[in-house]
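The values are calculated or read from the model by the stated rules, or taken from the named source; none is laboratory data. None of the values given here were measured: they were computed from a predicted structure. Ideal geometry is used to build each Cβ from the backbone, glycine not excepted, and the neighbour counts take in all protein chains shown. Surface accessibility is based on the protein's heavy atoms, side chains included, excluding ligands, DNA and RNA. Shrake-Rupley method; radii C 1.70, N 1.55, O 1.52, S 1.80 Å.
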Amino acid sequence: MLLINCPYCGEREQEEFTCGGEAHIERPKNPPDLSDDQWADYLFLRQNTKGLQYERWNHSFGCRQWFNVARNTATDEILAIYKIGEKPPPLESNEPLTPSGEPHIGSGNFSTSKK
Amino acid sequence: MIKRSKKYSVFSLVKNAMSYHENWQPAWRNPEIKKEYDAIIVGGGGHGLTTAFYLAKNHGIKNIAVVEKGWIGGGNTGRNTTIIRSNYLWDQSAAIYDHALKLWEGMSQELNYNVMFSQRGVMNVAHNLHDVRELKRRWHANRLNGIDCEWLNTEEVKKFCPVINTSPNIRYPVLGATLQRRAGTARHDAVAWGYARAADEMGVDIIQNCEVTGINMSNGNVTGIETSKGIINSKKIGIVAAGHSSVIAKMAGIKLPLESRPLQALVSEPVKPVIDTVVMSNTIHAYVSQSDKGELVIGAGTDGYNSYSQRGGFNIVEDTIMAIVELFPLFSRMKMLRHWGGIVDICPDASPIISKTHVNGLYFNCGWGTGGFKATPGSGWVFAHTIANDQPHALNAPFSINRFSSGELVDEHGAAAVAH
């Protein structure tokens with residue numbers, strides 16, 4: 001379970017929060033001009049990054065405020081928390097250990113890690 | 001060169017018993033990697049192995065490599081709660097899952113490998129008026145699609161599964177259930193091993209501990225893959241990487257509508273036979289069955305955030321156990337032995353993607369989310385057809401990646417039996 005440091009309330013258990021998915025997806029400014037593929041990209045397609053991911057969280061059972069979290073999805077390590085509307089801080093996630101860039105934690109594959 | 005496995009039978013069992021079972025041969029080879037294959041399957045889980053098996057068996061393409069990052073049976077195929085059923089709501093899903101269920105029924109014979117397929121029935125329990133309406137709707141939809149399904153009232157539920165708590169005084173009382181008697185469970189890793197052995201026998205090279213690091217393309221055609229063991233060329237590449245589909249897709253510059261999340265399960269200490277069916281509940285989110293070893297196999301829900309860490313939050317486990325204990329108070333003192341998480345790739349409409357892509361020769365079979373195990377043989381069957389003919393089988397045509405642009409989604413959130 002994650003411990004999330006709400007920028008408004010401080011550190012709380014993850015149970016109080018709801019994840020709102022990938023952050024910084026902007027609603028298209030010209031909806032009538034969009035093609036079906038562009039709509040699909042906006043509505044459905046996601047980065048689903050393994051590694052550093054920027055995402056939105058809501059303190060739904062607390063202050064009910066939205067904020068952004070930068071998290072390493074390979075290790076669940078929270079790297080930064082910043083408010084809605086702010087630019088993501090420059091970050092680098094963990095040093096990759098396997099050829100495709102996985103850290104050894106949780107990869108389920110120790111045989112190809114460089115150690 | 002390792003001697004190939006022989007046909008398994010009672011005679012081979014007796015013969016090997018004479019030598020204290022010390023002379024069983026490996027079930028599949030550990031082959032040298034060739035420079036080029038007619039087709040490469042990335043991912044050696046159940047779906048990948050069945051794809052290779054049916055490419056060889058149904059389409060005569062035998063020069064195939066299955067490239068697996070870990071080892072056979074070490075991924076989600078060996079991590080799931082082994083439930084097999086086909087009582088899906090929509091015609092498209094019912095067709096593909098029931099095709100799979102029919103293949104399950106002949107699988108042990110076809111593979112000469114006992115996958116311990118047990119048609120013990122799957123019961124989907126209703127706890128409120130909405131559940132009753134929704135499940136009755138699904139029951140009728142199944143009936144119209146020729147899928148066996150019946151409705152049980154509370155007394156019949158109690159009769160079918162006597163350990164269930166049907167007291168009207170619990171928070172979510174049992175108001176009835178649908179029952180699919182042909183549904184059941186199977187030994188999950190035997191499925192991977194059986195298909196690996198059968199595919200290997202037909203000449204498929206199973207390459208373990210080989211991680212894909214890149215996809216090579218030229219002029220919109222796929223030409224091969226880069227791996228931790230070097231470059232392997234092929235004009236047809238099928239990606240069956242489950243939770244890591246987005247990672248592989250990124251290597252080919254493709255963005256998928258997937259989110260990878262942890263899905264947890266747990267297993268209790270072994271006890272004497274107590275529950276001889278599978279009980280699932282959408283509303284209180286619990287499902288339980290008993291393995292042949294006597295352990296209760298309990299499935300939890302997905303965590304509400306993307307993660308590749310193969311571990312989930314304890315609150316999810318707690319919620320599931322609360323539901324199980326309310327439905328089965330006699331399990332309240334049982335100890336849980338093991339608990340684990342796997343990474344599942346969830347589609348926005350809770351239906352899979354079995355599809356061509358805009359890159360020629362590159363195919364994706366992903367998005368099975370929380371319920372891919374039951375589809376294992378059917379998924380391989382249609383994906384092999386898609387790869388061999390460069391066009392989808394009638395059963396997987398509705399599961400094209402283009403449905404996210406066209407809007408023809410196959411929304412199975414409700415019929416996925418548990419809410420995710």
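Can you pull out the residues in segment B:172-208 that are within 22 Å of the chain's Cα centre (by Cα) and part of a loop (DSSP other than H, G, I, E, B)?
Once the filter is applied, which keeps residues that are within 22 Å of the chain's Cα centre (by Cα) and part of a loop (DSSP other than H, G, I, E, B), segment B:172-208 yields B:Arg181, B:Arg182, B:Ala183, B:Ala186, B:Arg187, B:Val204, B:Gln208.
Got at least one residue in segment B:209-220 being acidic (Asp, Glu), under 26 Å from B:Phe373 (Cβ atoms), open to solvent by 40 Å² or more (accessible area, probe 1.4 Å) and outside any strand (DSSP E or B)? Spell out how you get there, then give the answer.
First, pick out the residues of segment B:209-220 that are acidic (Asp, Glu): B:211.
After this cut, where a residue has to be under 26 Å from B:Phe373 (Cβ atoms) as well, the list is B:211.
Now restrict to residues that are open to solvent by 40 Å² or more (accessible area, probe 1.4 Å): none.
No, segment B:209-220 contains no residue that is acidic (Asp, Glu), under 26 Å from B:Phe373 (Cβ atoms), open to solvent by 40 Å² or more (accessible area, probe 1.4 Å) and outside any strand (DSSP E or B).
Quick check on my filter: what residues within segment B:224-237 are free of Cβ contacts under 8 Å to residues at least 60 places away in the same chain and either open to solvent by less than 60 Å² (accessible area, probe 1.4 Å) or part of a loop (DSSP other than H, G, I, E, B) (or both)?
B:Ser228
Restricting to segment B:342-353, and then to whatever is surrounded by fewer than 24 Cβ atoms within 10 Å (Cβ to Cβ) and of a type in the set (Gly, Ala, Ser), can you tell me which residue is farthest from the other protein chains (Cβ to nearest Cβ)?
B:Ala350
Scanning segment A:17-30 for residues that are within 14 Å of chain B (Cβ to nearest Cβ) and open to solvent by 50 Å² or more (accessible area, probe 1.4 Å), which turns out farthest from A:Gln65 (Cα to Cα)? Please lay out each step first, then the result.
The first filter runs over segment A:17-30 and keeps only residues within 14 Å of chain B (Cβ to nearest Cβ), leaving A:17-23, A:25.
Right, trim to open to solvent by 50 Å² or more (accessible area, probe 1.4 Å) and you get A:18, A:25.
Numbers: A:Thr18: 11, A:Ile25: 18 Å.
Top of the filtered list is A:Ile25.
Are there any pairs with C-beta distances below 9 angstrom linking a residue in segment B:11-26 that is at positive phi to a residue that is of a type in the set (A, V, I, L, M) and outside any helix (DSSP H, G or I), with the two at least 6 apart or on different chains, and if so which?
Short answer, once both residue conditions are applied: none.
Among strands (runs of 3 or more DSSP E) lying entirely in segment B:297-374, which contain 2 or more residues that are of a type outside the set (A, V, I, L, M) and modelled with pLDDT of 95 or more? Break it down stepwise before answering.
Numbers: elements: B:336-346, B:353-356, B:362-366.
The qualifying strands (runs of 3 or more DSSP E) are B:353-356, B:362-366.
Check segment B:177-186 and report whether any residue there is farther than 18 Å from B:Val288 by Cβ and free of Cβ contacts under 8 Å to residues at least 24 places away in the same chain.
no
Just give me the residues in segment B:324-341 being touching a residue at least 40 places away in the same chain (Cβ under 8 Å), open to solvent by 10 Å² or more (accessible area, probe 1.4 Å) and either of a type outside the set (Phe, Trp, Tyr) or at the interface with another protein chain (Cβ under 10 Å from one of its Cβ atoms) (or both), in sequence order. Explain how you work it out, then say what you get.
First, the residues of segment B:324-341 that are touching a residue at least 40 places away in the same chain (Cβ under 8 Å): B:326-331, B:334-341.
Retained after the next criterion (residues that are open to solvent by 10 Å² or more (accessible area, probe 1.4 Å)): B:326, B:329-331, B:334-340.
Selection gives B:Glu326, B:Pro329, B:Leu330, B:Met334, B:Lys335, B:Met336, B:Leu337, B:Arg338, B:His339.
Listed here are the residues, each with its yes/no results for (1) open to solvent by 40 Å² or more (accessible area, probe 1.4 Å); (2) on the phi > 0 side of the Ramachandran plot; (3) within 14 Å of chain A (Cβ to nearest Cβ); (4) in contact with a helix residue (DSSP H, G or I) (Cβ under 7 Å, 6 or more places away or on another chain).
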{"site": "B:Cys161", "(1), (2), (3), (4)": "no, no, no, no"}
{"site": "B:Asn169", "(1), (2), (3), (4)": "yes, no, no, no"}
{"site": "B:Gly194", "(1), (2), (3), (4)": "no, no, no, yes"}
{"site": "B:Ala198", "(1), (2), (3), (4)": "no, no, no, yes"}
{"site": "B:Ile239", "(1), (2), (3), (4)": "no, no, yes, yes"}
{"site": "B:Ile254", "(1), (2), (3), (4)": "no, no, yes, no"}
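Between residues in segment A:22-47 that are free of Cβ contacts under 8 Å to residues at least 12 places away in the same chain and residues that are part of a helix (DSSP H, G or I) and loosely packed, with under 15 Cβ neighbours inside 10 Å, which pairs lie under 7 Å by C-beta distance while being six or more apart or on different chains?
Listed by first residue and then by second, the contacts come to A:Asp36/B:Ser406.
If B:Ile275 meets every condition in (1) open to solvent by less than 40 Å² (accessible area, probe 1.4 Å); (2) farther than 23 Å from B:Thr154 by Cα; (3) not in a strand (DSSP E or B) apart from one, which number is that one?
(2)
What strands (runs of 3 or more DSSP E) completely inside segment A:31-115 contain at least 1 residues that are more than 7 Å from chain B (Cβ to nearest Cβ), open to solvent by 20 Å² or more (accessible area, probe 1.4 Å) and at pLDDT below 95?
Working: elements: A:52-58, A:66-72, A:77-83.
In segment A:31-115, the matching strands (runs of 3 or more DSSP E) lie at A:52-58, A:77-83.
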